[in-house]
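**Student:** Please read through the structure below; I'll follow up with questions.
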Amino acid sequence: MADGMAGTVQMRPYFEDVQAHYDLSDDFFGLFQDPSRTYSCAYYTHTDMTLEEAQMAKIDLALDKLGLQPGMTLLDVGCGWGALMKRALERYDVNVIGLTLSRNQHAYCQSLLDQVDTDRSHQVCLQGWEQFDQPVDRIVSIEAFEAFGKSRYGAFFDTTHRVLPDDGRMVIETIFTHPINYWREHGIPITLSDMKFTRFIYKEIFPGGQLPSDEDMHDFSTAAGFSDEDPQLMNEHYVRTLDTWAANLIAHRAEAIATTSEQVYDRYLRYITGCADFFRRGLSEVGQFSFTKPPQ
């Protein structure tokens with residue numbers, strides 16, 4: 001573990017890449033998100049749920065897998081606008097630490113959590129996991145892993161393994177892909193338009209982003225000492241989430257353009273509708289991966 005620890009100390013988080021997306025405008029994102037500002041796949045347990053209800057169901061789905069007990073400390077890596085941490089404080093009576101590279105999210109989260117009636121500690125840090133090295137009881141990360149980069153997967157799992165206790169648990173929700181031959185073997189055609197859309201995403205929406213494969217999630221976690229479970233797939237839930245976001249954005253077109261610009265509106269609508277198409281066709285997948293640190 002010493003080598004992994006030394007490696008993380010030398011790594012600088014990708015502040016600029018993350019801020020290029022998430023610090024665009026809180027008001028703009030709020031036009032298509034639900035009131036909790038959750039920016040990830042919702043979980044529709046029944047057909048007549050609102051987006052906000054489905055987002056809370058997704059948060060509960062992840063938190064319920066962690067075996068939280070009152071007084072534990074939960075680390076949220078890539079904490080977004082804070083809905084999961086707020087839910088953990090209110091429902092599970094735990095201490096929370098959130099990590100974000102976004103200045104806007106950092107300010108929003110701290111204000112949000114300060115309003116919660118709790119005696120538990122709630123800290124939001126403008127830093128990456130690369131800079132974190134203190135013991136915690138549980139770890140959760142919801143669709144932040146896509147920004148880490150494959151060259152740092154090993155260091156991430158080494159770090160999280162080190163800061164967790166024996167029998168500690170971690171849940172990572174991430175969009176993921178497959179080894180190159182997967183789509184041909186499964187009869188899923190990939191077009192030139194698909195490749196152009198992928199380049200568009202990495203150039204204009206998520207600079208520096210990189211999707212892991214399901215094999216990456218297993219191989220890097222087990223190499224660090226975790227035991228893992230098969231992921232819980234949520235593809236159809238993301239299609240509905242993205243369709244809802246697109247409808248919300250279209251309904252607020254004038255406000256979106258006034259808040260940012262017509263170019264930004266067009267770019268984000270292309271991104272949201274294109275991603276929905278990818279999940280419909282199985283070009284991208286999303287799931288919650290569960291990991292446990294076995295007793296030494």
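**Student:** Out of all the residues in segment 245-265, is one or more within 25 Å of D216 (Cα to Cα) and of a type outside the set (D, E, K, R)? Give the steps one after another, and end with the answer.
**Tutor:** Step one: list which residues in segment 245-265 are within 25 Å of D216 (Cα to Cα), which gives none.
No, that holds for no residue.
**Student:** Listed residues Y182, Y108; which is within 20 Å of Q55 (Cα to Cα), modelled with pLDDT under 95 and either hydroxyl-bearing (S, T, Y) or touching a strand residue (DSSP E or B) at 6+ places or on another chain (Cβ under 7 Å) (or both)? Walk me through how you get there before you give the answer.
**Tutor:** On the way: Y182 fails: within 20 Å of Q55 (Cα to Cα).
Step by step, each of Y182, Y108 is checked, and only Y108 is within 20 Å of Q55 (Cα to Cα), modelled with pLDDT under 95 and either hydroxyl-bearing (S, T, Y) or touching a strand residue (DSSP E or B) at 6+ places or on another chain (Cβ under 7 Å) (or both).
**Student:** Taking the stated definitions as given, is Q288 in a loop (DSSP other than H, G, I, E, B), at negative phi and buried (at least 16 other Cβ atoms within 10 Å of the Cβ)?
**Tutor:** Spelling it out, it is not the case that Q288 is in a loop (DSSP other than H, G, I, E, B), at negative phi and buried (at least 16 other Cβ atoms within 10 Å of the Cβ).
**Student:** Which is in a helix (DSSP H, G or I), closer than 16 Å to C275 by Cα and either among the charged types (D, E, K, R) or modelled with pLDDT of 90 or more (or both), of D194, D216?
**Tutor:** Details: D216 fails: closer than 16 Å to C275 by Cα.
The match here is D194.
**Student:** Within segment 130-152, restricting attention to residues that are farther than 24 Å from M72 by Cβ and of a type in the set (A, V, I, L, M, F, W, C), which residue is surrounded by the fewest Cβ atoms within 10 Å (Cβ to Cβ)?
**Tutor:** We begin by selecting, within segment 130-152, every residue farther than 24 Å from M72 by Cβ; these are 146-152.
Among the residues that remain, those that are also of a type in the set (A, V, I, L, M, F, W, C) are: 147-148.
Numbers: A147: 22, F148: 24.
Residue satisfying both the conditions and the ranking: A147.
**Student:** Another one. Name the residue, out of T241, T191, T260, T222, that is β-branched (V, I, T) and under 19 Å from the mean Cα position of the chain (by Cα). Let's see the steps before the verdict.
**Tutor:** Working: T191 fails: under 19 Å from the mean Cα position of the chain (by Cα); T260 fails: under 19 Å from the mean Cα position of the chain (by Cα); T222 fails: under 19 Å from the mean Cα position of the chain (by Cα).
Within the list T241, T191, T260, T222, the selection yields T241.
**Student:** How many residues are touching a Ser or Thr at 6+ places or on another chain (Cβ under 8 Å), loosely packed, with under 15 Cβ neighbours inside 10 Å and of a type in the set (A, V, I, L, M, F, W, C) if we restrict to segment 171-209?
**Tutor:** Residues in segment 171-209 being touching a Ser or Thr at 6+ places or on another chain (Cβ under 8 Å), loosely packed, with under 15 Cβ neighbours inside 10 Å and of a type in the set (A, V, I, L, M, F, W, C): 0 in total.
**Student:** With C79, C41 as the choices, which residue is modelled with pLDDT of 95 or more and either touching a Gly at 6+ places or on another chain (Cβ under 8 Å) or farther than 22 Å from S290 by Cβ (or both)?
**Tutor:** Working: C41 fails: either touching a Gly at 6+ places or on another chain (Cβ under 8 Å) or farther than 22 Å from S290 by Cβ (or both).
Sole residue among the options that is modelled with pLDDT of 95 or more and either touching a Gly at 6+ places or on another chain (Cβ under 8 Å) or farther than 22 Å from S290 by Cβ (or both): C79.
**Student:** Something else: Out of (1) charged (D, E, K, R); (2) in a helix (DSSP H, G or I); (3) in contact (Cβ under 8 Å) with a residue 12 or more places away in the chain, the odd one out for E173 is which?
**Tutor:** (2)
**Student:** Follow-up. In segment 265-272, is there at least one residue being modelled with pLDDT of 95 or more, of a type in the set (A, V, I, L, M) and in a helix (DSSP H, G or I)?
**Tutor:** Yes, some residue in segment 265-272 is modelled with pLDDT of 95 or more, of a type in the set (A, V, I, L, M) and in a helix (DSSP H, G or I).
**Student:** Which numbered condition in (1) under 18 Å from V163 (Cβ atoms); (2) in contact with a His (Cβ under 9 Å, 6 or more places away or on another chain) is the only one that Q69 fails?
**Tutor:** (2)
**Student:** Restricted to segment 211-258, and to residues that are without any contact (Cβ under 8 Å) to a residue 12 or more places away in the chain and β-branched (V, I, T), which residue is surrounded by the fewest Cβ atoms within 10 Å (Cβ to Cβ)?
**Tutor:** Looking at residues that are without any contact (Cβ under 8 Å) to a residue 12 or more places away in the chain and β-branched (V, I, T), I get T222.
**Student:** Looking only at segment 85-121, which residues are in contact (Cβ under 8 Å) with a residue 24 or more places away in the chain, outside any helix (DSSP H, G or I) and not hydrophobic (A, V, I, L, M, F, W, C)?
**Tutor:** Result: D93, N95, G98, T100, S102, T118, R120, S121.
**Student:** Here is a follow-up. Among the residues of segment 172-188, write down those that are over 12 Å from F226 (Cβ atoms) and within 20 Å of the chain's Cα centre (by Cα). Walk me through it before giving the result.
**Tutor:** Here is the first cut: in segment 172-188, the ones over 12 Å from F226 (Cβ atoms) are 173-188.
The answer is E173, T174, I175, F176, T177, H178.
**Student:** Taking G282 as the residue in question, decide whether it is touching a residue at least 12 places away in the same chain (Cβ under 8 Å) and surrounded by 16 or more Cβ atoms within 10 Å (Cβ to Cβ). So that I can check it myself, show each step before the final result.
**Tutor:** Details: touching a residue at least 12 places away in the same chain (Cβ under 8 Å): yes; surrounded by 16 or more Cβ atoms within 10 Å (Cβ to Cβ): no.
So G282 does not fit the description; no.
The values are calculated or read from the model by the stated rules, or taken from the named source; none is laboratory data. Predicted, not measured: the structure shown is a model, and the values here were computed from it. A quick note on method: Cβ atoms are made from the backbone with ideal geometry, for glycine too, and the neighbour counts reach across all protein chains shown.
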